[in-house]
Amino acid sequence: MNKLHCKNRELINDLFSEARDSWDVDILYKNLTKIKQIGAVRKVEFTAIEKTILRGLLCGYSPQQIAAKIYWTSGSLSVELTKGLYRYIETLTERDSNTLKNWRDIAKWLEEAGYKKLKSHQDLSEKPDIYSFYGRENELQQLEQWIVEQQYRLVLLSGLTGIGKTTIAAKLVQKINPKFDYVIWRNIGQYFSFSTLINSLLEVFIGDRETDLPVTVNQKIFLLMKYLFAYRCLVILDGLEVIFEVDNSASFHQENYINYSQFFRIIAEQHHQSCLVVTSQEEPIDFLLLHNNKCKSLTIGSLGEASSGILRQEGLPNCVSWSKIIKRYCGNPLILKMICAIIKEIFGGNVTEFLEQNTELDVILPTAFTEKLERQFKRLSTSEKNIMFSLAMAQKPLTFNQIQQEVKPTVHFSELTQALIFLKKRSLIEVNSLLNKSVFTLQPLVMKYVFVEYQKKDK
Ligand SMILES: Nc1ncnc2c1ncn2[C@@H]1O[C@H](COP(=O)(O)OP(=O)(O)OP(=O)(O)O)[C@@H](O)[C@H]1O
Ligand SMILES: [Mg+2]
């Protein structure tokens, strides 16, 4: 008998549980309990059966249908509603007594009172699917803390091409998207200009409503900020580096760059409840000025030992040399994938044989990778290129003074300082400390590329 009673209670608790998807039922229960308590001499609860009836009504079931589900007669449910739930909801929604007569009004009145959850809107059509994901636990935890707990407004993920910025951002979206009202992913490279990109963001909020979009960039940003203020939104802008590309229409890119830069400043400084995540091979220099308590950047480095997941996935036979390969290719997932293909094609999957041929100074750089680096290298100023050549020729870390002596023609202090900042922001050089002095060296994969470039220059 007791068992049956428990089973019935479980069934009642599970009934109409889909109401939770659209309604803040726990807050409703709490507030309705307080109302039921008014004027009661002893402590009263909002009972399990009352909760079930409420959930049923919120899901759109009529009292007759609910009565059938809970094995009550329609008459007794009607008495229960008229004496209890209808009256509590009048009080909760601040209506006059005995004005709630129709069960359909319950959902309507509670929606008007703000108990209905905002439907999550997602536009992730431009987000790449991730089929496998290894490591990066610390980075994901850090990002979640910044974005969800500390509510940073602007977060930049930077790092060398292929290191996994887009992949981390996609994983992050998967993990934290339920915390947001709107989640939107945009690939900057797919938009002709800043203005068209902002239009596409505004369209998500405006939807089918026939509203004209504002004309000027400032008006567009102003309208977008209103939405970012009203809703908690997560917006990902992937691949910012395209706006730094140099081509024949340099002035167009310059204008684009100013717009993005102004937009980031507004996002970081203006009050709102949303977060913009930007991925880029290069950290825009203006970000240095925005580093306040609402703006952060994270440099994505080697995937480390977790890269073995990629080698396994690519079908390389397990061997002790795996960690050597990972180290030599700086835990760069894109390069490791490409190297796996080479090892399989040329060396029949034999990692040891590949490593015997492939010395530390003679790393293979797959074409797709060098093409990406080439685009970045082209954008460097002459003195930045000269610094890179000097570091490549030295083949070891150099101090600030040593670089100044090596670079020809000579670069002055301020020019060298600025160039080193730019190179670091582009993930092309690494800065370490040796005997209490800063030493600079090329990122190992970049070293090989620059070396080859230098030889071409000499010819
Ligand atoms: N943590 C990871 N686990 C598994 N695969 C990964 C991981 N990170 C990156 N990859 C794979 O490595 C490749 C490059 O990653 P991704 O495109 O994210 O790099 P990126 O830093 O965004 O490069 P780019 O600057 O060129 O846009 C992809 O094929 C991706 O699937
Ligand atoms: Mg990317």
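Only the coordinates and a few stated rules stand behind these numbers; no lab work does. If you're wondering where the values come from, they're calculated on a predicted model, not measured in any experiment. When we count neighbours, we look across all protein chains shown, and the Cβ atoms used for this are built from the backbone with ideal geometry, even at glycine.
Helical runs (DSSP H, four residues minimum) scored at -39500 (n - 2.57) apiece and divided by the length of the chain put the mean residue ellipticity at 222 nm at -15500 deg cm²/dmol. Summarising the amide proton neighbourhood of Gly349: residues at separation of 5 or more, or on other chains, whose placed amide H is nearer than 5 Å comprise Lys344. Between 0 and 90 degrees, the angle of helix 367-378 with respect to the longest Cα principal axis of the chain falls at about 80 degrees. Note on the chain: antiparallel DSSP beta bridges, both residues inside, total approximately 30 percent of the bridges counted.
Kirkwood analysis of region 121-299, using all unique Cα-Cα pairs, places the hydrodynamic radius at 16.6 Å. If the Kirkwood radius is taken over C-alpha pairs of region 308-357, then at 25 °C and 0.890 mPa s the Stokes-Einstein diffusion coefficient equals 234 µm²/s. Under the simplified labelling scheme, the Arg312-Val431 pair shows an inter-label distance of 3.8 nm, with each label point 7 Å from Cα along Cα→Cβ. Using a 10 angstrom Cβ neighbour count of at most 11 plus a DSSP loop assignment to flag exposed GluC sites (Glu not before Pro), which longest range of the chain is free of such sites? Result for the longest clean stretch: 211-359. When the C-alpha to C-alpha distance is required to be over 26 Å, the pairs from Lys378/Lys448; Lys30/Lys179; Lys396/Lys425; Lys117/Lys175; Lys171/Lys378 that qualify are Lys171/Lys378. Inter-label distance, Val148 to Lys116: 2.7 nm, where each label sits 7 Å from its Cα along the C-beta direction.
As a proxy for reagent exposure, Thr99, Thr91, Thr279, Thr52 were ordered by neighbouring Cβ count within 10 angstrom, fewest first; the result is Thr99, Thr91, Thr52, Thr279. Close amide H pairs (under 5 Å, H built 1.01 Å from N) link Val439 with Asn432, Ser433, Leu434, residues at least 5 positions away or on another chain.
A quarter of the convex hull surface defined by the alpha-carbon atoms of region 90-166 gives 9.4 nm² as the mean projection.
Count Lys and Arg as plus one, Asp and Glu as minus one, and take only other residues whose Cβ is under 12 Å from that of Gln418; the net charge is then 0. Set the Förster radius R0 to 22 Å, insert the Cβ-Cβ distance between Ile258 and Gln190 as r into 1/(1 + (r/R0)^6), and round the FRET efficiency to 0.05. In this case the efficiency is close to 0.60. With each label modelled as a point 7 angstrom along the Cα→C-beta vector, the Thr417-Ser97 pair spans 7.7 nm.
May I ask for the net charge around Trp146, where only other residues with Cβ less than 12 Å from the Cβ of Trp146 are counted and Lys, Arg are +1 while Asp, Glu are -1?
0
The radius of gyration of the Cα set in the chain, together with its Dmax, comes out at 30.2, 97 angstrom. At full extension, Val320 and Lys34 could sit 96.4 nm farther apart than now, given 0.36 nm per residue minus the alpha carbon distance. The Rg/Rh ratio of region 1-106, with Rg taken over Cα atoms and Rh as the Kirkwood radius over Cα pairs, comes to 0.96.
With respect to the chain, whose longest principal axis is taken over its alpha-carbon atoms, helix 194-206 is tilted by about 10°.
Restricting attention to region 172-211, which chymotrypsin sites (Phe, Trp or Tyr not before Pro) occupy a DSSP loop and are surrounded by at most 11 other Cβ atoms within 10 Å?
Answer in residue order: Phe192.
Our coupling estimate for region 157-169, obtained by passing each phi through the Karplus curve with A = 6.51, B = -1.76, C = 1.60 and θ = phi - 60°, is 10, 10, x, 4, 3, x, 6, x, 5, 4, 5, 5, 4 Hz, Gly and Pro reported as x. Does region 373-459 come out rounded, prolate or oblate, given a ≥ b ≥ c as the square roots of the eigenvalues of its C-alpha gyration tensor, rounded meaning a/c under 1.5 and, failing that, prolate meaning a/b above b/c? Taking the square roots of the gyration eigenvalues as a ≥ b ≥ c, region 373-459 is rounded. Applying both filters, DSSP loop and at most 11 other Cβ atoms within 10 Å, to the chymotrypsin sites (Phe, Trp or Tyr not before Pro) of region 30-121 gives Tyr71.
Each of Ser307, Ser132, Ser261, Ser323 was scored by other Cβ atoms within 10 Å of its Cβ. Arranged with the fewest first, they read Ser132, Ser323, Ser261, Ser307.
Applying 1/(1 + (r/R0)^6) with r as the Cβ-Cβ distance of Leu289 and Leu124 and R0 = 41 angstrom yields a FRET efficiency of 0.85.
The HN-Hα couplings worked out from phi for region 172-189 by the Karplus form 6.51 cos²θ - 1.76 cosθ + 1.60 (θ = phi - 60°) are 4, 4, 4, 7, 10, 4, x, 7, 10, 6, 10, 10, 10, 10, 10, 9, 4, x Hz, whole numbers, x standing for Gly and Pro.
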